[in-house]
Amino acid sequence: MKKRICLSISLLLILSSISVSAETGAETYDSVGPSYDGVRKVIMYLGTPDYKYGYIDEEGKVLAECRYKEASDFTNGIGTLQEGNTIFAINTKGEKIKTFDSSFTSVSYFDGEKGIATKDGLMYLMDQDGKLASRGYQKLLYDPFSSFRGIGAMSNDKYGVIDWHGNILTAFEYATFWNTASNTSGVVAAEKQLYGIGGYIGIDGKVLVPPVYDFIGGFSGDRGRLGKAGKYGIIDGAGNPITGLIYDNVEDYSEGLAEVLKDGKWGYIDRSGNLVIPCQYTATQGFTNGYATAYTADNKELTIESPIKQSRKINVYVNNKWLYLDQEPVLDNNRTLAPLRGIAEALDYNVDWDASTNTATLQNNSRIIQLKVGEDKAVVNIFDDGRAPEEIFLDVPARNLNSRVMVPVRFIAESIGADVTWEQETQRINIKASL
């Protein structure tokens with residue numbers, strides 16, 4: 001394959017913290033993390049390897065002084081702190097609610113009902129009382145923010161998947177689990193040997209694609225690559241084939257299009273597997289801001305405009321660069337609605353989705369925005385500005401379209417301090433923002 005995949009023994013994507021130098025009140029922190037349950041983890045760097053951890057709320061009020069050996073992100077309103085050999089849990093008011101067994105060397109993901117503890121070099125599932133509830137494993141890999149619902153576990157140097165009751169969902173027969181940074185499907189790549197025979201584990205923790213393929217390329221968005229005996233294809237997040245194993249090479253999707261090789265020539269397919277640019281080039285590159293570079297047989301360099309960009313009735317530009325959105329903007333009562341995640345991430349915001357409450361949360365190091373599908377208002381809270389959260393009303397309610405949360409473009413941009421203009425003649429939305 002043309003592009004190498006960076007492998008990781010980690011089962012799931014680790015959400016990147018928002019790392020900044022910030023001053024809140026009398027304290028200056030080297031890092032202020034993202035907000036979970038209205039609480040941010042803060043870090044002071046005192047020289048390698050000495051870090052101190054604590055918690056503050058959205059207004060910068062100290063909930064736990066920055067003096068602890070370790071601190072977890074909050075989960076379900078609970079965080080854990082370690083001081084010396086003592087590990088305890090606190091709530092969002094900073095009140096201590098539980099002290100764990102002194103033999104534990106770490107506690108993670110404790111949410112009041114379950115968690116993971118480390119003892120004597122092994123990792124265990126933990127119950128609501130903070131007691132061990134499983135046998136020990138070499139590793140337990142879990143991400144409470146992922147759609148993947150299993151727990152990766154290592155035993156006898158092999159990986160499998162278990163649930164919170166310790167039941168085995170996938171047999172312990174894999175050498176590695178890994179993911180790619182662009183994966184939004186929750187599906188995990190699993191290989192029986194590094195760079196060897198592999199398949200995919202579904203979001204329910206069970207085998208989605210059996211480990212019979214000699215190439216597993218991981219997922220980009222909700223599309224995954226696989227290959228066998230020199231032929232390659234694409235599947236979706238449910239394991240359904242988007243293409244058969246009909247190509248001599250396939251690359252990750254970029255802006256909704258993937259490069260494919262057939263009979264020595266490169267072309268592009270769309271997310272449905274349709275060949276939208278014929279296989280006619282000796283070399284190609286992925287699309288960026290609506291354009292890609294391709295080379296002809298006589299080594300002539302060409303610039304190709306994305307057929308997706310050409311077909312869109314409404315296009316969005318951020319700082320004069322075309323923005324690919326996986327759902328085309330639509331008009332609703334003369335208001336343009338666009339996918340919340342696509343525009344927010346282009347403006348350097350993290351986006352979390354809570355399916356149980358239909359709530360989307362956008363945040364960066366200075367601002368949090370929350371809104372619910374079906375409602376015409378959102379709550380904006382600017383970090384440590386001394387003001388209460390502010391309600392902002394949308395021209396039309398947020399709604400779901402093809403599993404995408406659609407909101408007015410002007411609301412997304414203006415709620416985070418960007419300028420928005422509309423060009424009627426070209427049907428173009430311009431967003432200007434400081435990134």
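The values are calculated or read from the model by the stated rules, or taken from the named source; none is laboratory data. Everything quoted here is computed from the prediction, not taken from an experiment. Don't worry about glycine lacking a Cβ; one is built from the backbone with ideal geometry, like all the others, and counts go over all protein chains shown.
Brief remarks follow.
- Which listed residue is modelled with pLDDT under 95, surrounded by 16 or more Cβ atoms within 10 Å (Cβ to Cβ) and hydroxyl-bearing (S, T, Y), from S134, S155, S146: S146
- Filter result for V316 (within 22 Å of G227 (Cβ to Cβ), among the β-branched types (V, I, T) and either part of a strand (DSSP E or B) or at pLDDT 95 or above (or both)): no
- Filter pass, S415 being of a type in the set (S, T, N, Q), closer than 29 Å to D222 by Cα and surrounded by 12 or more Cβ atoms within 10 Å (Cβ to Cβ): yes
- When Y195, Y200 are checked against the criterion of being within 29 Å of F148 (Cα to Cα) and in a strand (DSSP E or B), a single residue qualifies: Y200.
- Scan the range 366-400 for residues that are touching a strand residue (DSSP E or B) at 6+ places or on another chain (Cβ under 6 Å) and either of a type outside the set (D, E, K, R) or within 18 Å of I56 (Cβ to Cβ) (or both) and the total you get is 18.
- Filtered residues of the range 184-211 (kept if among the aliphatic types (A, V, I, L, M), surrounded by fewer than 22 Cβ atoms within 10 Å (Cβ to Cβ) and at pLDDT below 95): L194, I197, I203
A quick yes/no check of all residues on (1) assigned by TED's automatic domain parsing to the domain that holds V420; (2) over 26 Å from K432 (Cβ atoms); (3) among the basic types (K, R):
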residue: G290; (1), (2), (3): no, no, no
residue: V318; (1), (2), (3): yes, no, no
residue: Y324; (1), (2), (3): yes, no, no
residue: Q327; (1), (2), (3): yes, no, no
residue: R335; (1), (2), (3): yes, no, yes
residue: I343; (1), (2), (3): yes, no, no
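- When G273, G230, G224, G217 are screened for being modelled with pLDDT under 95 and over 20 Å from T303 (Cβ atoms), only G217 passes.
- Taking the range 19-134 as the region of interest, the strands (runs of 3 or more DSSP E) fully inside it that hold 1 or more residues being closer than 28 Å to I368 by Cβ and not assigned by TED's automatic domain parsing to the domain that holds Y349 are 22-24, 27-29, 31-36, 39-45, 51-57, 62-68, 78-83, 86-91, 96-99, 106-108, 115-119.
- Checklist (1) surrounded by fewer than 18 Cβ atoms within 10 Å (Cβ to Cβ); (2) part of a loop (DSSP other than H, G, I, E, B) applied to L325, failing item: (1)
- Taking the range 235-261 as the range and being more than 22 Å from A181 (Cα to Cα) and surrounded by 15 or more Cβ atoms within 10 Å (Cβ to Cβ) as the test, the residues that pass are T243, L245, Y247, D248, L261.
- Pair list, Cβ < 6 Å and 6+ apart or interchain, from the range 32-52 residues that are aromatic (F, W, Y) to residues that are at pLDDT 90 or above and crowded, with 22+ Cβ neighbours inside 10 Å: Y36/F74
- The condition (being of a type outside the set (A, V, I, L, M, F, W, C) and in contact (Cβ under 8 Å) with a residue 24 or more places away in the chain) is satisfied by just one residue among E59, E83: E59.
- Residues of the range 365-387 that are acidic (D, E) and modelled with pLDDT under 90: D384, D385.
- Among the residues of the range 405-435, the one identified as farther than 13 Å from L347 by Cβ, of a type in the set (D, E) and either in a strand (DSSP E or B) or outside the structural domain of A346 (by TED's automatic domain parsing) (or both) is E423.
- Subset of the range 378-404 [in contact (Cβ under 8 Å) with a residue 24 or more places away in the chain, of a type in the set (D, E) and part of a strand (DSSP E or B)]: none
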